[in-house]
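See structure below.
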Amino acid sequence: ENHIQSLLNNMQVLAMTEEVKAGSWEGMQGLLNRFSQDQVPAAVWFALPDGSYYTVEVGKASGNLSDRSYFPKVMSGATVIGDLVVSKSTGKKSVIAAVPVKNAGQVVGALGVSVYLDDLSKILVEELQLPDNMVFYAVDDQGYIALHSDPQWLMQKAADLGSSTFSKTVDEMLSKKEGNATYEFGGMSETVGFKTSPLTNWCFALGLRTK
């Protein structure tokens, strides 16, 4: 959560710079390149109101973001955070954080990052120094796995993973927002404490795995 909050804070500052407000990729490219080097692994992008966009990695992208569910929200002036997507520019499983860019009171674009979920999961496991008998994960408000200490489960729906007790637990997590639970998953018993983040609206879980 601290990583994502830091990204948001920095993007909000960048969105107020004259380089970004001008809406010219050539003018903001250097600024965004420096920003991308100081963050968790992610694609840094700027989108125009028609959905065309630029990324630090490739410049003008061939795709269009107008069909993304978050796009109308950010273009209406709202900050977007927590949407799970497969990145159009990289093909990687990612979480979106985006802020509107305004000039003279009008939204002229959006500044965003697509944070790579596998890299972010690995970073968190290292920071938490998790032993092999512990599990860490987060699920979004639709029951999809957003982060996991085992990246193979990323962006899979809990209800589709073959464990009725895990599926029921995720339903409980999303309704209760905070508590403890025990269930069976992957041939192991997992006992976790969970709590919902007010920033992303994801429910984070941390606990022990036993045979």
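Things to note:
- Conditions (1) open to solvent by 50 Å² or more (accessible area, probe 1.4 Å); (2) part of a strand (DSSP E or B): number failed by Ala97: (1)
- Lone qualifier among Met11, Met16 - being assigned to a loop (DSSP other than H, G, I, E, B) and hydrophobic (A, V, I, L, M, F, W, C): Met16
- Which numbered condition Ser175 fails, given (1) assigned to a strand (DSSP E or B); (2) without any contact (Cβ under 8 Å) to a residue 40 or more places away in the chain: (1)
- Which numbered condition Pro198 misses (of (1) modelled with pLDDT of 95 or more; (2) open to solvent by 90 Å² or more (accessible area, probe 1.4 Å)): (1)
- Lys102 vs. criteria open to solvent by 50 Å² or more (accessible area, probe 1.4 Å), closer than 30 Å to Thr55 by Cα, part of a strand (DSSP E or B) and of a type outside the set (Ser, Thr, Tyr): yes
- Subset tally (residues that are farther than 23 Å from Val86 by Cα and either in a strand (DSSP E or B) or open to solvent by less than 40 Å² (accessible area, probe 1.4 Å) (or both)) for region 123-166: 5
- When region 37-51 is limited to residues that are under 19 Å from the mean Cα position of the chain (by Cα) and open to solvent by less than 30 Å² (accessible area, probe 1.4 Å), the one that is modelled with the lowest pLDDT turns out to be Val40.
- Residue within region 186-196 that is in contact (Cβ under 8 Å) with a residue 40 or more places away in the chain, over 19 Å from the mean Cα position of the chain (by Cα) and assigned to a strand (DSSP E or B) present: yes
- When we screen Gly27, Gly91, Gly23, Gly109 for residues that are more than 26 Å from Met155 (Cβ to Cβ), more than 13 Å from the chain's Cα centre (by Cα) and in a loop (DSSP other than H, G, I, E, B), the only hit is Gly23.
- Filter pass, Ala22 being open to solvent by less than 60 Å² (accessible area, probe 1.4 Å), touching a residue at least 40 places away in the same chain (Cβ under 8 Å) and not charged (D, E, K, R): no
- Output for region 112-122, where each listed residue is in contact with a Lys or Arg (Cβ under 9 Å, 6 or more places away or on another chain), over 14 Å from Trp202 (Cα atoms) and part of a helix (DSSP H, G or I): Asp118, Asp119
The values are calculated or read from the model by the stated rules, or taken from the named source; none is laboratory data. Here the structure is a predicted model, which is why all the values come from computation and not from measurement. Quick reminder, even Gly has a Cβ in these numbers, built from the backbone with ideal geometry, and neighbours come from all protein chains shown. With ligands, DNA and RNA removed, areas are computed over all heavy atoms of the protein, side chains included. Shrake-Rupley method; radii C 1.70, N 1.55, O 1.52, S 1.80 Å.
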